[in-house]
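To start, the structure under review is shown below, and the notes come after it.
Readers should treat all values here as calculations from the given coordinates under stated rules, not as data from a laboratory. Only a predicted model underlies this, so the values are computations on that prediction, with no experimental measurement involved. Because the Cβ atoms are built from the backbone with ideal geometry, glycine has one as well, and the counts that use them run over all protein chains shown.
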Amino acid sequence: MARSISSQHTRIGWIGTGVMGRSMCGHLLTAGYSVTLFNRTKSKAADLIERGARWAASPRDVAAASDVVFSIVGFPGDVRQVILDDKDGALAGCKAGSALVDMTTSQPSLAVEIAERAADRGVVSIDAPVSGGDVGARNATLSIMIGGDAGTVASLEPIWKTLGSKWVLQGGPGAGQHTKMVNQTLIATGMIGVCEAILYGYKAGLDLEKVLESVASGAAGSWSLSNYGPRMMANNFDPGFFVEHFLKDMAIALGEARRMRLALPGLALAEQLYQAVAAQGHARNGTHALLLALANMSGIDWRNRNLRPTED
């Protein structure tokens, strides 16, 4: 894709207006881009349509009206459907010289497959999963992990700047997805520590806000602690990132690890704990709902807890 990117001349296609996609698409509208969008549930795109985005009846129709098509959906099966479906998929509507950018966390092998099939049509496909959750999407501070053609990635810099605060080309097709698996492995095991530490502080009778003030600025600090710790204390388990999507990500990472003959016992433990979270009815809550499952193991009713427990 040789053409330069600008809000005056580049037509953007957007597929997926969920927890993160809605905010991300909104930033492009704010920046002045012409946007054509599709989402399985049209009502979830109503605010974007009111702001000037044009509705399309299918991913194929989005692509036919666009120079660059972005997608951020739920699962690899969704990616395959919205991009590769022979009848209504975005690739079927792409013109030679256009670009597809999938920002879903998905399988590296699928990213390679899409890139190969796109190349056959003279289209460039980029895998560019993101990290930062709903907060990063709203604030345009996402970290974008990119795999694909270097020239195309460079030409898209104005859009990376609109959506995130950090973007790094990791390699060829699939490299962005592999990097996201590194990211998810770090988060999965880190979230166990965040939740267990908060439970420890609670059971010890500490003021959790004061505890967070002390530890978040030291060596134990992390994005998850600073952003999800306060939500846990406030009993706010709304999704910044769905548990069911995190389970999908861990399954992909563990599958890739098996393929590479790599043992990741910490990630395997985290995946089992998150299976318990889902089994307890929290699949559509945020990933920090792990706290509820761990609290349940110790007989703590976190939602109805006393503010300052006394030790048993």
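In a reduced charge model with +1 at each Lys and Arg Cβ and -1 at each Asp and Glu Cβ, the chain shows a dipole moment near 440 debye about its Cα centre.
For the chain, the fraction of alpha-carbon pairs lying more than 36 Å apart is 22 percent, rounded to a whole number.
Does region 252-312 come out rounded, prolate or oblate, given a ≥ b ≥ c as the square roots of the eigenvalues of its C-alpha gyration tensor, rounded meaning a/c under 1.5 and, failing that, prolate meaning a/b above b/c?
Taking the square roots of the gyration eigenvalues as a ≥ b ≥ c, region 252-312 is prolate.
Just checking the listed ones, ASP207, ASP88, ASP67: in the Gaussian network model of the chain with Cα springs under 10 Å, the one fluctuating most is ASP207.
What is the local net charge at VAL123, summed over the other residues whose Cβ is closer than 10 Å to its Cβ (Lys, Arg +1; Asp, Glu -1)? Intermediate results must be reported in sequence, preceding the final value.
Numbers: positive: LYS95, ARG117, ARG121; negative: ASP120.
It works out to a net charge of +2.
When all C-alpha to C-alpha distances in region 182-243 are sorted into bins of 10 Å, what percent of pairs does each bin hold, rounded to whole numbers? Taking all Cα pairs of region 182-243, the binned fractions are 20, 58, 21, 1 percent. The angle between the Cα long axis of helix 243-259 and the main principal axis of the chain comes to about 80°, on a 0 to 90 degree scale.
Are any of the pairs LYS44/LYS161; LYS44/LYS203; LYS180/LYS203; LYS87/LYS166 more than 29 Å apart by Cα-Cα distance, and if so, which?
LYS44/LYS203; LYS180/LYS203; LYS87/LYS166
Please report the net charge: other residues with Cβ closer than 13 Å to the Cβ of GLY174, K and R +1, D and E -1. Mind showing how you got there, number by number?
Working: positive: LYS180, ARG259; negative: ASP102, GLU113, GLU116, ASP127, ASP149, GLU256.
That works out to -4.
Take the Cβ atoms of ASP238 and GLN8, set R0 to 51 Å, and the FRET efficiency comes out at 0.85.
Between VAL135 and LYS203, the simple label model (points 7 Å from Cα in the Cβ direction) yields a spacing of 2.6 nm. When ASP127, ASP134, ASP238 are arranged by Cβ crowding within 10 Å, least crowded first, meaning fewest neighbours, the order is ASP238, ASP134, ASP127. The label point for ILE192 and the one for GLU50, both projected 7 Å from the Cα toward the Cβ, are 4.4 nm apart. Against the chain, whose longest principal axis is taken from its Cα atoms, helix 108-119 shows a tilt of about 10°. Placing R0 at 22 angstrom, the Cβ-Cβ distance between LEU269 and ARG231 gives a FRET efficiency of 0.45 after rounding to 0.05. Projecting the Cα atoms of VAL73, ASN285, GLY133 onto the charge dipole of the chain (Cβ charges, centred on the Cα centre) puts VAL73 farthest toward the positive pole.
Summing Lys, Arg as +1 and Asp, Glu as -1, what charge do residues with Cβ under 13 Å from the Cβ of LEU247 carry, LEU247 excluded?
Charge balance in the 13 Å sphere: -1.
Evaluate E = 1/(1 + (r/R0)^6) for ALA279 and SER165, where r is the Cβ-Cβ distance and R0 equals 41 Å; express this FRET efficiency to the nearest 0.05. So, using R0 = 41 Å, E works out to roughly 0.70. Each Lys and Arg Cβ is given +1 and each Asp and Glu Cβ -1; about its Cα centre, region 179-304 then shows a dipole of about 360 debye. Shape class for region 81-224: prolate, because the ratio a/c of the largest to smallest gyration tensor axis (alpha-carbon atoms, square roots of eigenvalues) is 1.5 or more and a/b beats b/c. In region 179-304, one over the average inverse separation of all distinct C-alpha pairs is 14.9 Å, which is the Kirkwood hydrodynamic radius. A full extension of the chain between GLU213 and MET297 corresponds to an added length of 27.6 nm, given 0.36 nm per residue minus the alpha carbon distance. The trypsin sites (Lys or Arg not before Pro) of region 245-280 that meet both conditions, a loop assignment by DSSP and at most 16 other Cβ atoms within 10 Å of the site Cβ, are ARG261.
With an a/c value of 1.5 or above and a/b not larger than b/c for the gyration tensor axes a ≥ b ≥ c computed over the alpha-carbon atoms, region 1-92 is described as oblate. Length gained on full extension, ALA154 to ARG40: 38.0 nm, using 0.36 nm per residue less the C-alpha separation. Measuring nothing but how far apart in sequence close Cα pairs (under 8 Å, 6+ apart) lie, relative to its length, region 179-304 scores a relative contact order of 33 percent.
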